[in-house]
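What follows is a short report on a single structure.
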Amino acid sequence: MPSPAELAWLIPVLPLAGACLVGLGLISFNRTINRLRKPVALLLISCVGAAAVLSYAVLAQQLAGAGATEVLFNWASAGTFNLQMGFRVDALGAVMLALVTTIAVLVMVYSDGYMAHDKGYVRFFTYLALFSSSMLGLIISPNLLEIYVFWELVGMCSYLLVGFWYDRDGAANAAQKAFVVNRVGDFGLLLGILGLFWATGSFGFEEIGSRLQEAVAGGSLSNAAAILLCLLVFMGPMAKSAQFPLHVWLPDAMEGPTPISALIHAATMVAAGVFLVARLQPVYVPFPQVQVVIAVVGTITLFLGASIALTQMDLKKGLAYSTVSQLGYMMLAMGCGAPVAGMFHLVTHAFFKAMLFLCSGSVIHAMEDVVGHEPVLAQDMRLMGGLRKFMPITSTTFFIGCLAISGIPPLAGFWSKDEILGQAFGSFPLLWAAGFITAGMTAFYMFRLYFLTFEGSFRGTDKTVQAQLLAAAGKGAAEDHGDDHGHSHADHPHESGWQMAMPLAVLAVPSVLIGLLGTPWNSRFARLLNPEEAAHMAQHFSWGEFLPLAGASVAVSLVGISVSVLAYALHKIDLGTAVAARFPALDAFLANKWYLDAINDKLFVQGSRKLARQVLEVDSKVVDGVVNLTGLVTLGSGEGLKYLETGRAQFYALIVFGGVIALVVLFGALG
């Protein structure tokens, strides 16, 4: 009987088969398949669930000490060139497989409640299954070329899901923005992959790393060229994992349905970039300059995301910038040469961030019953408040998520973030300082979100605030005619159904406990991914080093929480007066997201339009002018020559005689 690792190819195939079956049904029998909502959802959840069971078996095998399994077959051959495809399962892949399938199953169960009344219910589940399959295929890919295939499939699925409500201008624009920005990164990735193959003759991770070093050492490739190729490949993760300056697509992706926001931000698209950087450690580690660039980019990103999150009033966008910041921490770890710490934070972050996004979906779902389906109203925290008494499960799990991401022990985020800060302190103290300050900012803005949403009095029925928000968004007054399904608006929100509440409760457990797998004195997570590093950590662990750094990290988080409590729970501090009014330029800078969207619009959007207009002018005046002139010359010469066609033989003889005389005179003059 084959082992679970040998059957790992089924993990992406099962969701793919379900998605293809339902997709073909939608094409061929659209009305019939759309009426089979629950059977389709059950089929696709079962496919992803079966992939999850197989993923757990693969992880259990790795925990038992099994080595890596790689199965390859010849995909293309030409002379000495031989390209292999297949699948690879090792500890890193097993962890990611279990993580992605777990989050995907919970998101799909949640979606059954969240998308219950949506006309695109079946299409949404089909996209979810295809998205999960693409990410799972990326994880088990044994080389860069196969990863690139699934990398693009992940990008395509994100485009479909972000723009799922394509009849909304915001969703359509966000999908295009995500697509274009990711194409920039993917173009760099493709150039880097082709360049590395040119330099090493291989697409395999370890082979590229060893052969690249040999090429540099042997002088056949300069060190600068090798660094350039590594950085080109890094452009792909920069875009996928929303690193500065290619992060701008991720907050706009909130225009998609909330379940897909949870899946993108927790376990699929943004995790793909961090995972690829971890896979490419054999390539990056020999080049310290590349590591420094990765660490610096991650540090800029973590500070940028946290600073912008300070001013966000849209609940989902606040969480989105939080994700940008946390992804920066993961990249900082990768740049510090600590991929285990980065992957550990990816795992812990996946659970509490998925829970936070699903909580926000629960809140938005409840708010829509009060204010209608206008996102400007349903997602703005100025119309929330006091939801804890209406939504106890959602508020409790959101509070747990806030504690976890703030790094309060013993919850998950403390152990993973503290490990990253410890590594940064030893490698780049200046970058550690930025990460340390950002930890306090994170605690502040997360509890700001919590207090504005769940504490105080409910503000959702305030028509004045609603009118102000609609006016600011350039929309007319909301019509009070009920929601899209004919239900009248409620006076207050209510807790979500079991399909939405159950995933929140399930995710709360690992958000609290999973960090204990990575305690620095006995890290079972490190022992799974890198036993040598785990042994080194245990051998060199010192309470004298751990307690000051961990204590400082917790202290700065508690300061951030305290300021948030004073400002938004007790109302002892008016930050609008204390900060925004005193530093209006800084407030505008953060509210306008560092003006990066405006800069991109000016340079690239408006610049490309100006270039297009100039090209159009050249085309219309020069190219079209030459073509039109040729036509006019032909028309004019034809118009003149037609009078020479008389049909009289005497006239033609006269013309020939005249031509002969002219030639004689000409040759006589030349002679």
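The values are calculated or read from the model by the stated rules, or taken from the named source; none is laboratory data. Note that the structure is predicted; figures quoted are calculated from it, not measured. Quick reminder, even Gly has a Cβ in these numbers, built from the backbone with ideal geometry, and neighbours come from all protein chains shown. Ligands, DNA and RNA are stripped out before the accessible areas are found, and what is left, the full protein with its side chains, is counted by its heavy atoms. Shrake-Rupley method; radii C 1.70, N 1.55, O 1.52, S 1.80 Å.
Summary of values
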item: Calculated FRET efficiency for the pair Glu639/Arg183, C-beta based, R₀ 56 Å, to 0.05; result: 0.60
item: In sequence order, calculated HN-Hα J values of region 324-337 (Karplus, 6.51, -1.76, 1.60; Hz; x Gly/Pro); result: 4, 5, 5, 5, x, 4, 5, 5, 4, 4, 4, x, 7, x
item: Rounded accessible area of Cys20 (nearest 10 Å², 1.4 Å probe); result: 70
item: Peptides ranked, highest mean first, by Cβ atoms within 10 Å: ranges 203-213, 24-34, 338-348, 564-574; result: 338-348, 203-213, 564-574, 24-34
item: Per residue, in Å², the accessible surface of the chain once ligands and nucleic acids are set aside, probe 1.4 Å; result: 43
item: Helix 412-427 vs. the chain, principal-axis angle (Cα, 0 to 90°, nearest 10); result: 70
item: Region 114-160-region 210-273 distance, computed between alpha-carbon centres (Å); result: 18
item: Among 275-284, 41-50, the order from most to least packed when residues are scored by Cβ within 10 Å on average; result: 275-284, 41-50
item: Sulfur and carbon atoms: percent of accessible area, region 523-614 [1.4 Å]; result: 64
item: Euclidean distance between Cα centres, region 368-398 to region 282-333, Å; result: 28
item: Other-chain or far-sequence residues with amide H under 5 Å of Gln84's (modelled H); result: Trp75
item: Net +/- balance of residues flanking Leu44 in space, Cβ distance below 12 Å, scoring K and R +1, D and E -1; result: +2
item: log10 of Debye I(q)/I(0), alpha-carbon scatterers only, for region 491-649 at 0.09, 0.10, 0.11, 0.19 Å⁻¹; result: -0.78, -0.88, -0.97, -1.18
item: Approximate shape of region 329-406 as ellipsoid semi-axes (Cα gyration tensor, √5λ), whole Å, largest first; result: 32, 13, 9
item: Dipole moment magnitude, nearest 20 debye, the chain about Cα centre, only Lys, Arg, Asp, Glu C-beta charged; result: 320
item: Potential extension, Arg37-Ile655 segment - 0.36 nm per residue separation minus Cα distance; result: 213.9 nm
item: Shape of region 53-187, Cα gyration tensor, a/c cut at 1.5; result: oblate
item: Local net charge near Ser28, Cβ-Cβ under 15 Å (Lys/Arg +1, Asp/Glu -1); result: +3
item: Label selected from [x] 17, 47, 23, 6, 5, 1; [y] 14, 39, 39, 7, 0; [z] 18, 46, 30, 6, 0, the criterion being P(r) over Cα pairs in 20 Å bins from 0, in percent as computed here; result: [x]
item: Value of [θ]222 nm, deg cm²/dmol, for the chain, DSSP H segments ≥ 4, -39500 (n - 2.57) each, nearest 500; result: -23500 deg cm²/dmol
item: Cα gyration tensor, region 76-155 - rounded (a/c under 1.5), prolate or oblate; result: oblate
item: Relative contact order, percent, the chain [alpha-carbon distance under 8 Å, six or more residues apart]; result: 11
item: Percent carbon-and-sulfur accessible area, region 1-160, ignoring ligands, DNA and RNA, probe 1.4 Å; result: 69
item: Angle in degrees between helix 169-200 and the longest Cα principal axis of the chain, rounded to the nearest 10; result: 80
item: Proximal aspartates and glutamates to Lys353, defined as alpha-carbon separation beneath 18 angstrom and excluding residues fewer than eight positions away on the same chain; result: Asp252, Glu255, Asp314, Asp418
item: Peptide ranges 180-187, 312-319 listed from the most packed, as the mean C-beta count within 10 angstrom indicates; result: 312-319, 180-187
item: Accessible-area composition of region 223-291, carbon plus sulfur, in percent [1.4 Å probe]; result: 76
item: Ranked order, Arg37, Arg527, Arg648 - accessible area, probe 1.4 Å, largest first; result: Arg648, Arg527, Arg37
item: Accessible surface of Tyr652 - all protein chains present, 1.4 Å probe, nearest 10 Å²; result: 90
item: Rounded, prolate or oblate (a/c below 1.5 giving rounded, otherwise prolate when a/b exceeds b/c) for region 287-357 by Cα gyration tensor; result: oblate
item: On Cα atoms only, tilt of 37-63 relative to the major axis of the chain in degrees; result: 70
item: Out-of-range pairs (alpha-carbon distance over 31 Å; input Lys240/Lys389; Lys240/Lys572; Lys593/Lys621; Lys119/Lys610; Lys572/Lys593; Lys316/Lys389); result: Lys240/Lys389; Lys240/Lys572; Lys593/Lys621; Lys119/Lys610
